[in-house]
Amino acid sequence: MDGQVGTGKGTPVDGLNKGLRKVEIAVRWDPSPAGQPSTDLDLVAATYPADDPHGDPAYVVHFDSRSPDGTIYLNRDSKDGQGFGYDEVMTLELDRLDGRYARVVVGVVIQQRPAERTFVSVVNPGLRIREGYTVLTEDDFGGVLGATAATVAEFVRDGSGPWDFRPGVRGFEDDPADFARTMGAARQP
């Protein structure tokens, strides 16, 4: 399976799929031009219980926290996009997540200090979601240029079944505190 690209439906391209186990979400961006305030993107993950998968999150993981059981954590955090490769990296160990959780939504928030920003002002942003060496999706946030935050992935399961990946970048114009609360709300048709 090394190097294979997903089908776009969130499952690897082989017939022996046992569901997603350990997923990495990575975001990159270039530093702001000289003389401009730094740009700070943050990965955020919200976990929802099976009995209310579109209600309030059971907990939220972000730059200064991790899940209570250690299954969702930030591996790398950047406040300015300086560095090589991906600047923010979050790991979701879905196979270890307690059975009472049926949904995890992951998003990216642009910190609004010291300047207000949308994705159009972020230099060279990029997103990659993968399991092992299998890239599930990549994006450049081009579809949400006017947004201050975006959901980038949704992982769901029925009961104790396997986790499924629902790709899609969806923009929000909330401030970071509001985004963490509303990012998992049911999508309106």
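The values are calculated or read from the model by the stated rules, or taken from the named source; none is laboratory data. This structure is a prediction, so every number in the text was calculated from the model and none was measured. Methodologically, a virtual Cβ is constructed for each residue, glycine included, from the backbone with ideal geometry; neighbour enumeration extends over all protein chains shown. Note: areas computed on protein heavy atoms with side chains; ligands, DNA, RNA excluded. Shrake-Rupley method; radii C 1.70, N 1.55, O 1.52, S 1.80 Å.
Structure notes:
- Which numbered condition R117 fails, given (1) under 15 Å from F179 (Cβ atoms); (2) in contact with a His (Cβ under 9 Å, 6 or more places away or on another chain): (2)
- The stretch 146-187, residues that are farther than 22 Å from E93 by Cα and either in a strand (DSSP E or B) or of a type in the set (S, T, Y) (or both): T148, A149, R170, G171, F172, T182
- Of all residues in the stretch 113-140, those that are aromatic (F, W, Y) and surrounded by 19 or more Cβ atoms within 10 Å (Cβ to Cβ) total 1.
- Qualifying residue in the stretch 39-60 (condition: modelled with pLDDT of 85 or more, more than 17 Å from the chain's Cα centre (by Cα), open to solvent by 60 Å² or more (accessible area, probe 1.4 Å) and hydroxyl-bearing (S, T, Y)): no
Each row is one residue, and each column tells you yes or no for (1) part of a strand (DSSP E or B); (2) within 19 Å of F165 (Cα to Cα).
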site: Q36; (1), (2): no, no
site: G55; (1), (2): no, no
site: K79; (1), (2): no, no
site: T91; (1), (2): yes, yes
site: G99; (1), (2): no, yes
site: I129; (1), (2): yes, yes
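- All positions within the stretch 146-179 that are open to solvent by less than 40 Å² (accessible area, probe 1.4 Å) and of a type in the set (S, T, Y): T148, T151
- Of the listed requirements (1) under 30 Å from G35 (Cα atoms); (2) open to solvent by less than 20 Å² (accessible area, probe 1.4 Å); (3) not in a loop (DSSP other than H, G, I, E, B), G143 misses just one: (2).
- The selection criterion, being at pLDDT 80 or above and within 15 Å of the chain's Cα centre (by Cα), does not hold for L97.
- Restricting the first member to the stretch 160-189 and to residues that are over 19 Å from Y101 (Cα atoms) and modelled with pLDDT of 95 or more, and the second to residues that are of a type in the set (D, E, K, R) and surrounded by 13 or more Cβ atoms within 10 Å (Cβ to Cβ), the beta-carbon pairs closer than 8 Å and six or more apart or on different chains are V169/D139.
- Residue within the stretch 68-88 that is surrounded by 18 or more Cβ atoms within 10 Å (Cβ to Cβ) and of a type in the set (K, R) present: no
- Here the stretch 57-77 is the region considered, the condition is being in contact (Cβ under 8 Å) with a residue 40 or more places away in the chain and in a loop (DSSP other than H, G, I, E, B), and the residue that is farthest from D178 (Cα to Cα) is A58.
- Residues that are among the aliphatic types (A, V, I, L, M) and either at pLDDT below 95 or in contact with a helix residue (DSSP H, G or I) (Cβ under 7 Å, 6 or more places away or on another chain) (or both) within the stretch 125-159 comprise V144, L145, A147, A149, A150, listed in sequence order.
- Any chance R21 is in contact with a Leu (Cβ under 9 Å, 6 or more places away or on another chain), touching a residue at least 24 places away in the same chain (Cβ under 8 Å), open to solvent by 40 Å² or more (accessible area, probe 1.4 Å) and farther than 21 Å from F179 by Cβ: yes
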